[in-house]
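Q: Structure in C-alpha cells, see below.
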Amino acid sequence: MEQTMQQEIVSMPRIGDKAPSFKAVTTQGEINFPADYSGKWVILFSHPADFTPVCTSEFMTFATMEKQFNEANCQLVGLSVDGLYSHIAWLRTIKEKIEYKGMKDVEVKFPLIEDITMEVSKKYGMIQPGESSTKAVRAVFFIDPKGIIRTIIYYPLSLGRNFDELYRVLIALQTADEFGIATPADWRPGDDVIVPPAGSCGTAKDRMEGKEKDVKCHDWFFCTKPIAKDEIMKKVLKK
Ligand code: BEZ
C-alpha cells in the first residue's frame with residue numbers, strides 16, 4: 001500500500017473492539033490499562049494541552065462531577081501529550097488559583113496520563129493531523145467492564161465538551177445493558193425506551209394490538225415502553 005511522507009497510516013479503535021492495552025505513567029502512579037479497570041466502566045479521554053483555557057474549564061467540570069461518575073461504577077482517566085511535571089504544575093494551578101463558574105479549590109483526583117512519546121494517543125487515534133499533529137484532539141472513549149469500547153466521541157480543539165451529555169451516554173449504555181432495550185433521541189432516565197423487535201409474527205401482532213403490557217407501538221418496527229427513573233437508579237446506580 002502506498003503511503004506518502006505526510007500521511008501516516010494510524011490505527012483507529014472502533015466501537016465493539018477490545019480497548020488497546022498499554023502501561024503508562026500518570027499523576028496517580030503507573031497504570032496498566034484496561035486491566036486495572038476490569039469490572040468497571042472507564043472513560044478514557046484526551047485533551048490537547050495543559051495550561052490552556054478550554055482544557056482548564058473541562059478539567060474543572062469533570063473533576064467536580066467525578067463522584068457522580070464514580071457512583072455509576074465509572075472511573076475517569078485523562079491523557080495529553082504533555083509530560084508529568086507539566087500535568088502536576090497545571091493541576092496545582094487549577095486547585096490553587098482558578099475560580100470559574102462557581103467552581104474553586106478544585107482537586108483533580110483521577111489519573112492524568114503523560115504521553116510525550118504519543119504512544120497511547122496514536123494507538124487510540126487521538127492524533128488527527130488534519131486538526132493538529134502535535135496535540136491530541138478531544139477524544140472520549142467509553143469502555144465497559146469487560147474492556148470493550150462501547151462509544152467514541154471526538155471534538156476539535158476549539159470545542160469544550162458537554163459533561164452532562166457524557167454522563168447521559170454512560171447511563172444510557174448501562175440502562176441498555178441492564179434492561180435489554182435501546183434509547184431514543186434525547187433520552188433521559190424516566191423517558192420511554194425502545195423495546196427490541198418482536199420475535200415472531202404472533203408477538204408482533206399482539207404488540208400492535210396493544211396486548212403486551214405497557215408497550216406502545218407507533219408502527220410495527222417502532223415500539224416503546226416506560227421504565228421508571230427509580231427503577232434505573234436502583235439497577236444502574238444501585239441506589
Ligand atoms: C484550549 O484548551 O483552550 C485549547 C487547546 C489547544 C488549542 C486550542 C485551545
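The values are calculated or read from the model by the stated rules, or taken from the named source; none is laboratory data. Everything numeric in this text was worked out from a predicted model, so none of it was measured. Counting neighbours? That spans all protein chains shown, and the Cβs are built from the backbone with ideal geometry, glycine included. The area values use the complete protein model at the heavy-atom level, side chains included, leaving out ligands, DNA and RNA. Shrake-Rupley method; radii C 1.70, N 1.55, O 1.52, S 1.80 Å.
Q: Express as a percent, rounded to the nearest 5, the fraction of DSSP beta bridges in the chain (both residues included) that run antiparallel. Intermediate values should be presented prior to the final figure.
A: Working: 24 of 34 bridges.
Approximately 70 percent, going by the DSSP bridge assignments.
Q: Computing the accessible area with a 1.4 Å probe over protein heavy atoms, can you report the carbon and sulfur percentage for the range 1-157? The partial results should precede the final answer.
A: Details: 4210 of 8110 Å².
That fraction is 52 percent.
Q: Given the options ILE43, ILE171, ILE15, state which has the largest fluctuation in a GNM of the chain using a 10 Å cut-off (strictly under) for Cα springs.
A: ILE15
Q: How large is the accessible surface per residue of the range 180-236, computed with a 1.4 Å probe and reported in Å² as a whole number?
A: Details: 3860 Å² over 57 residues.
Normalised by residue count, the accessible surface of the range 180-236 is 68 Å².
Q: Could you check which residue among GLY102, GLY39, GLY147 shows the biggest mean-square fluctuation in a GNM of the chain with a 10 Å Cα cutoff?
A: Ranking GLY102, GLY39, GLY147 by mean-square fluctuation puts GLY102 first.
Q: List, in the order given, every pair from LYS23/LYS135; LYS67/LYS225; LYS67/LYS239; LYS40/LYS97; LYS146/LYS235 whose Cα-Cα distance in the structure shown is over 22 Å.
A: On the way: LYS23/LYS135 20 Å; LYS67/LYS225 30 Å; LYS67/LYS239 14 Å; LYS40/LYS97 33 Å; LYS146/LYS235 18 Å.
As for pairs spanning more than 22 Å Cα to Cα, those are LYS67/LYS225; LYS40/LYS97.
Q: In addition: May I ask you to list the residues of the range 94-108 whose amide nitrogen lies under 18 Å from a point 7 Å from Cα along the Cα→beta-carbon direction of TYR167?
A: 100-104, 106-108
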